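The values are calculated or read from the model by the stated rules, or taken from the named source; none is laboratory data. Keep in mind the model is a prediction, meaning the values are calculated, not measured. Ideal geometry is used to build each Cβ from the backbone, glycine not excepted, and the neighbour counts take in all protein chains shown. Note: areas computed on protein heavy atoms with side chains; ligands, DNA, RNA excluded. Shrake-Rupley method; radii C 1.70, N 1.55, O 1.52, S 1.80 Å.
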Amino acid sequence: MTRTHVVTGAGAGIGLQLARRLSDRGDTLVLPVRSAERAAEVLAELGERHHAVVADLGDLEQVAAGAARIASQFDHLDSLVHCAGVVDLAPVATQGVEAWQHQIDVNLTAPVVLTRDLLPALRAARGTVLFVNSTSGIVANPHWGAYAASKHGLRGLADALRAEEAPHGVRVTSVHPSRTATPMQERVHAQEERSYRAEEWMSADTVAATLLHVLDLPSDATITDLTIRTSPSPS
Ligand SMILES: NC(=O)c1ccc[n+]([C@@H]2O[C@H](COP(=O)([O-])OP(=O)(O)OC[C@H]3O[C@@H](n4cnc5c(N)ncnc54)[C@H](OP(=O)(O)O)[C@@H]3O)[C@@H](O)[C@H]2O)c1
């Protein structure tokens, strides 16, 4: 039976690799994307049979409107995968409030709104909510305060949601990858003024395979939290 998944952040990195794997096996994708231009690009990449919904995750009114559109079209959702994310490194001493707020909005509050509004469809399918967190959601390092705060918050959201939704059969998982070779990681290296070599880090597709394992778990078990790190000799 073909399954339906909402995947944020499917335009690049880990989300794109997961979306490719789901699409290749015939599943249906519903893809919140930041603009009509990105919608066209993402559907051209993944297939016109999928559904793009324009919603900039940094604009919470757009997120609510996008969630309402999805809820009106899909009454059964097998999963909601929160993979979109942003990071902007700075010490607390100089972090601008706007950059702080943007990371909280995209990484934490947009997932809250999407999850809340799609819960009826997730309950109907006894679906899975999968939060792509980070090792920064477990330990906060210097200069990573805003991002780590958003990811620690995401962990709290997942834990509360898991307990609340257990009676409805909705499974909730936090996956915490360490550094992964994606466009985000390339930008992080630029911010850290270090040279970037993708082969030093685990691939986006390795993380995507792990996410797929979570989504495909038989119904008699749930993975609540999972940490995945680059192996000691990645290449
Ligand atoms: N890469 C790592 O080292 C790493 C490690 C641990 C955790 N993570 C987490 O893994 C997830 C995926 O990261 P990644 O490395 O694959 O990132 P990425 O390569 O930068 O891709 C991020 C995706 O999120 C989308 N996105 C960002 N801001 C958005 C907005 N305002 N509205 C709509 N979409 C937006 C991007 O859209 P566009 O395509 O339009 O830009 C892109 O598709 C994130 O949650 C990240 O925090 C990453």
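Per residue of region 139-148, what does 6.51 cos²θ - 1.76 cosθ + 1.60 with θ = phi - 60° give for ³J(HN,Hα)? Whole Hz please, x for Gly and Pro, Karplus curve as stated.
Each residue of region 139-148 in turn: 10, 9, 9, x, 6, 9, x, 5, 4, 5 Hz.
Let a ≥ b ≥ c be the square roots of the eigenvalues of the Cα gyration tensor of region 11-90; is it rounded (a/c under 1.5), or, if not, prolate (a/b larger than b/c) or oblate?
It is oblate, given that a/c is not under 1.5 and a/b is not larger than b/c.
Whole number please: convex hull volume per residue of the Cα set in region 164-217, in Å³?
Taking the convex hull of the Cα positions in region 164-217, it is 92 Å³ per residue.
Run the simple label-point estimate for S233 and A209 please: 7 Å along Cα→C-beta, distance reported in nm.
About 1.8 nm separates the two model spin labels.
What full-extension length gain, to one decimal in nm, is calculated for A71 and I138 as 0.36 nm per residue of separation minus the Cα-Cα distance?
Full-extension gain reported as 20.9 nm.
In a shell of Cβ-Cβ distance under 14 Å around E200, excluding E200 itself, what net charge do Lys and Arg (+1) and Asp and Glu (-1) give?
So the environment of E200 carries a net charge of +1.
Give me a comma-separated list of calculated 3J(HN,Hα) values for region 92-106, in order, Karplus coefficients 6.51, -1.76, 1.60 applied at θ = phi - 60°, integers in Hz, x for any Gly or Pro.
4, 4, 10, 5, x, 5, 5, 5, 4, 5, 4, 5, 5, 5, 6
Report the full-extension gain for the segment E192 to L226: residue separation times 0.36 nm, less the Cα-Cα distance, to one decimal in nm.
9.6 nm
Just in region 136-235: which trypsin sites (Lys or Arg not before Pro) are loop by DSSP and have at most 15 other Cβ atoms within 10 Å?
R194, R197, R229
Tell me which trypsin sites (Lys or Arg not before Pro) from region 96-135 have a DSSP coil assignment and no more than 14 other beta carbons within 10 Å of their own.
Listed in order of number, the matching sites are R126.
Is the chain best put as rounded, prolate or oblate by its Cα gyration tensor, with a ≥ b ≥ c the root eigenvalues, rounded for a/c under 1.5, and otherwise prolate when a/b is larger than b/c, oblate when not?
Verdict is rounded for the chain.
Exposed loop sites here are GluC sites (Glu not before Pro) in DSSP loop states with at most 13 other C-beta atoms within 10 Å. What is the longest stretch of the chain lacking them?
My reading of the result: 49-192 is the longest stretch.
Take the solvent-accessible surface of the protein heavy atoms, probe 1.4 Å, and return the percent of it on the chain that carbon and sulfur atoms account for.
Looking at the chain in its full context, I get 53 percent from C and S.
Please compute the net charge surrounding G169, taking Lys and Arg as +1 and Asp and Glu as -1 over other residues with Cβ under 9 Å from its Cβ.
+2
Which value, in Å², gives the accessible area per residue of the chain when a 1.4 Å probe is used on the protein heavy atoms?
Ligands and nucleic acids excluded, the result is 46 Å² per residue.
Compute, for S134, the solvent-accessible surface of its heavy atoms (probe 1.4 Å) with the complete set of protein chains present, and express it in square angstrom to the nearest 10.
Its accessible surface works out to 10 Å², give or take rounding.
Amide H to amide H, which residues 5 or more places from T28 or on other chains are under 5 Å from it, using H placed in the peptide plane?
Under 5 Å from the amide H of T28: R3, T4, H5.
Taking the Cα centre as origin and putting +1 on Lys and Arg beta-carbons and -1 on Asp and Glu beta-carbons, what dipole magnitude results for region 4-228, to the nearest 20 debye?
Computed about the Cα centre, the dipole is about 300 debye.
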